Amino acid sequence: MHKRYELGLFLFVSILFAAMLFTLAYWQVFSSTLNDHLLNPRYQQLFCNPRGSVLDRHGNILAQSLLIDGKYHRQYTEVSSLIHVIGYFHDKYGLTGIEKTYNDVLAREQNLTTTIDLVIQSKIEKIFTDYVGAIVLLEPATGAIIAMVSSPFIDYARMELDWENYLLDPNAPFVNRALQGLYPPGSVLKPLILGAAYEEEIINADSKWDDQGELSIDGRVIKNFGGNALGLIDPANALAFSSNVVFAEIALKLQHSLLEYLKKAGLGQATQIGLGESVGNLPNKVKGFEWGQIGIGQGELLVTPMQMAVISATIANNGVRMQPYLVYDSLAIRKTERVFSRTVAAKITEAMILAVNNGTASLAQVSGVAVAGKTGTAQSPAGEDHSWFIGFAPANAPKVAIAVVVEHGGFGGQVAAPIAGEVLKMYFDLTQEER
């Protein structure tokens, strides 16, 4: 009886101890979630207090707290596309974007200055209002984000009134496509592949291919757009006229070393902006025909518009990848990585200039400004092809890098390229003025 009592006591104490460990683990894991729950009284108190303002790079107010009838209300800019950047601070719907990421700072009534240019963001919003997709503008030398427009978006002024409609909208206005949209890159990946081929010395400026319009790999065929045969062609023209045949051949030669360059360029990983971005998909098991698909930006490869803007900025920045950022912080340590040598970056740039001057990206030209760019037309299993453009300008002394994607927009040279040209023209028209 005594032994049975001891055994029972041991089991009771063991169960109690296990329950205590579980409870401690539970509260450690879930306490932050409970702290942020909208029904938590302490959390609700957050919405009764004053809060720091969010500013653009010129000091324009993007978000501020106003005391109205004894209660603080959050007021936002009329440029509603910034809802995917600033987010919202709402006692019913919670916190998103910068409001959430930098909540501790703002709750201490400290202001935040972002890298966003309100005027440029506003102009892009108007240019892009009828499209579904995203546009990103970066400073190549620093990684500062000048503008980030994801369309469609929620109108700040109608957020409460139309909340249910926004939830039911099939175009998903809550999704920040610039950071969370996942797309095959199509031919906008080719500048990166060209750089890898130069770095690995499997091609040089005198290399030539006889492009007959299609390439057979393991019994399957990769074709140029429209099946066009480009004939005898060098690397620069292969990029300018977007030869799928040439870039599939290059990918077959590079194979696993190509994946290393894609990683160095930032694909398959977050850019660390801090707004819940997607990492995309970078396949690690590729063989045969799949290498040809990677060479033309198809297959299992998926990227975000921000990742492609970073690649464009990397080429513009003499081959050095800068970590993109949204908030000025003197204490921040931002990652940099050399992807290409200065010499190779210059060769890619020459080919991208040719693409705009004479090739598929001619509709991205801007009068008086040399533009380097590349179009892409990426196949989508859900309908019409996605339309892409990446580039930078001025080509030989870059101030801005751009990525444009239009969901199901069709041929990149006809849709994304002219949008990019309009945005770049607007940017240079504005930056030449005193504001």
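When you filter the chymotrypsin sites (Phe, Trp or Tyr not before Pro) in segment 260-351 for DSSP loop state and at most 13 other Cβ atoms inside 10 Å of their Cβ, you are left with 328. Once each of the GluC sites (Glu not before Pro) sitting in a DSSP loop with at most 14 other beta-carbon atoms within 10 Å is removed, the chain keeps 301-432 as its longest stretch. Once a ≥ b ≥ c are taken as the square roots of the eigenvalues of the Cα gyration tensor of segment 165-308, is the result rounded (a/c under 1.5), prolate (a/b larger than b/c) or oblate (a/b not larger than b/c)? Prolate, because a/c is 1.5 or more and a/b exceeds b/c. Estimated purely from DSSP H runs of n ≥ 4, each contributing -39500 (n - 2.57), the mean residue ellipticity at 222 nm for the chain is -11000 deg cm²/dmol once divided by its residues. When the alpha carbon gyration tensor of segment 177-431 is reduced to an equivalent ellipsoid, its three semi-axes come out at 26, 21, 18 angstrom, largest first.
The phi torsions of segment 394-405, fed into the Karplus equation with coefficients 6.51, -1.76 and 1.60 and a -60° offset, translate into couplings of x, 4, 9, 8, x, 10, 8, 10, 9, 9, 10, 9 Hz, rounded to whole numbers, with Gly and Pro shown as x. A dipole drawn for the chain from +1 and -1 charges on Cβ atoms has a positive end, and of 230, 361, 431 the residue lying farthest that way is 431.
Calculate how steeply helix 416-431 sits against the longest principal axis of the alpha-carbon atoms of the chain, using the helix alpha-carbon long axis, and give the answer as 0 to 90 degrees to the nearest 10. Approximately 70 degrees, to the nearest 10.
Checking the table 264/347; 100/285; 264/399; 208/425; 100/263 against a 26 Å threshold on Cα-Cα, which pairs fail?
100/285; 208/425; 100/263
Over the chain, Cα pairs under 8 Å with separation of 6+ residues give a relative contact order of 15 percent. More than 40 angstrom separation, counting every C-alpha pair in the chain; what % is that? Tail of the P(r) past 40 Å holds 27 percent of the pairs. Sorted fewest first by neighbouring Cβ atoms within 10 angstrom, 104, 429, 69 come out as 69, 104, 429.
Springs between alpha-carbon pairs under 10 angstrom, Gaussian network model over the chain: which of 203, 127, 333 fluctuates most? Of the options given, 333 has the highest mean-square fluctuation. Helix 342-357 and the longest principal axis of the Cα set of the chain meet at an angle near 70°. For residue 325, nonlocal amide neighbours, meaning residues 5 or more places apart or on other chains whose placed amide H falls under 5 Å from its own, are 144, 145.
Since every read-out is calculated from the coordinates, none of them should be taken as a lab result. All values reported here derive from a predicted model rather than from experimental measurement. Counting neighbours? That spans all protein chains shown, and the Cβs are built from the backbone with ideal geometry, glycine included.
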